[in-house]
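Trainee: Pasting a structure here, questions to come.
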Amino acid sequence: MMKFKYVRIQGKELSSKTNYFKGVFAMCVRLIKDDIMDEEDAGLYEEISDWFREELPFPPQCRNREKVICFFKTENSEEMMKMVTPMMWLLEKYNHPFDVVYTNFPCGEIVYEDKYQIVVEMDE
């Protein structure tokens, strides 16, 4: 069986900033901002988001809101996927479609890398 290096949970809708499919965090935030997600579920999302902020480095390209998207590295993604899975349950609960994409070829130039993730710059 082929081993993939990267995984990304992404929606069907395009981000206006990157012109690429929105990631799992952006989709959940949109459900909260649009007042679709109930308060308890929004609280669960916030707990998960806090965990990621504490456990993973915050890439400067993301902090600066550059035209980038992120992928998890599959070699170190087990714990992260345990934390992402409840976000996928939330998307499913609110009938928000998404795909889990595994690849060895992210769609742009890798501009940041750490133990857990890569950041890919999107072309103009």
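The values are calculated or read from the model by the stated rules, or taken from the named source; none is laboratory data. All of these numbers come straight from a predicted model, not from anything done at the bench. When we count neighbours, we look across all protein chains shown, and the Cβ atoms used for this are built from the backbone with ideal geometry, even at glycine.
Trainee: List pairs: first residue in the range 1-16 and over 21 Å from TYR116 (Cβ atoms), second residue basic (Lys, Arg) and surrounded by 11 or more Cβ atoms within 10 Å (Cβ to Cβ) anywhere in the structure, Cβ distance under 6 angstrom, at least six positions apart or on different chains.
Mentor: Between residues of the range 1-16 that are over 21 Å from TYR116 (Cβ atoms) and residues that are basic (Lys, Arg) and surrounded by 11 or more Cβ atoms within 10 Å (Cβ to Cβ), the close pairs are GLY11/LYS22; GLU13/LYS22; SER15/LYS22.
Trainee: Next question, about the same structure. Restrict the check to the range 51-59 and report whether at least one residue is in a loop (DSSP other than H, G, I, E, B), among the aliphatic types (A, V, I, L, M), touching a Leu at 6+ places or on another chain (Cβ under 8 Å) and crowded, with 16+ Cβ neighbours inside 10 Å.
Mentor: No, that holds for no residue.
Trainee: Let me ask something else about it. Could you run through the range 86-108 and say how many residues are surrounded by fewer than 13 Cβ atoms within 10 Å (Cβ to Cβ) and either of a type in the set (Val, Ile, Thr) or assigned to a loop (DSSP other than H, G, I, E, B) (or both)?
Mentor: Qualifying residue count for the region: 5.
Trainee: A further question on this structure: Could you please find all residues in the range 31-57 being under 13 Å from the mean Cα position of the chain (by Cα) and without any contact (Cβ under 8 Å) to a residue 24 or more places away in the chain?
Mentor: ARG53
Trainee: Right, something else. Restricting to the range 58-97, and then to whatever is of a type in the set (Ser, Thr, Tyr) and at pLDDT 90 or above, can you tell me which residue is farthest from the chain's Cα centre (by Cα)?
Mentor: Checking each candidate, the answer is TYR94.
Trainee: Considering only the range 19-43, how many residues are exposed (fewer than 13 other Cβ atoms within 10 Å of the Cβ) and either of a type in the set (A, V, I, L, M, F, W, C) or assigned to a helix (DSSP H, G or I) (or both)?
Mentor: Summing the residues that are exposed (fewer than 13 other Cβ atoms within 10 Å of the Cβ) and either of a type in the set (A, V, I, L, M, F, W, C) or assigned to a helix (DSSP H, G or I) (or both) in the range 19-43 gives 4.
Trainee: How many of the residues making up the range 78-111 are farther than 28 Å from GLY43 by Cβ and among the hydroxyl-bearing types (Ser, Thr, Tyr)?
Mentor: 2
Trainee: Here's a follow-up. Checking PHE105 against (1) within 25 Å of ILE32 (Cα to Cα); (2) without any contact (Cβ under 8 Å) to a residue 40 or more places away in the chain, only one condition comes out false. Which one?
Mentor: Unmet for PHE105, out of (1) within 25 Å of ILE32 (Cα to Cα); (2) without any contact (Cβ under 8 Å) to a residue 40 or more places away in the chain: (1).
Trainee: Still on this structure, please answer the following. Based on this model, can you work out whether TYR45 counts as among the aromatic types (Phe, Trp, Tyr), closer than 14 Å to LYS5 by Cα and touching a helix residue (DSSP H, G or I) at 6+ places or on another chain (Cβ under 8 Å)?
Mentor: no
Trainee: Here's a follow-up. Of the residues VAL29, VAL100, only one is over 26 Å from MET1 (Cβ atoms), modelled with pLDDT of 95 or more and among the β-branched types (Val, Ile, Thr); which?
Mentor: Exactly one residue qualifies, and that residue is VAL29.
Trainee: Any idea which of GLU13, GLU66, GLU75, GLU46 is in a strand (DSSP E or B) and surrounded by 12 or more Cβ atoms within 10 Å (Cβ to Cβ)?
Mentor: That would be GLU13, the only listed residue that is in a strand (DSSP E or B) and surrounded by 12 or more Cβ atoms within 10 Å (Cβ to Cβ).
Trainee: Show the residue pairs meeting these rules: Cβ distance below 7 Å; 6+ apart or different chains; first residue within the range 109-124 and surrounded by 12 or more Cβ atoms within 10 Å (Cβ to Cβ); second residue among the small types (Gly, Ala, Ser) and not in a strand (DSSP E or B).
Mentor: Final answer for the pair search is VAL120/GLY108; GLU121/GLY108; MET122/GLY108.
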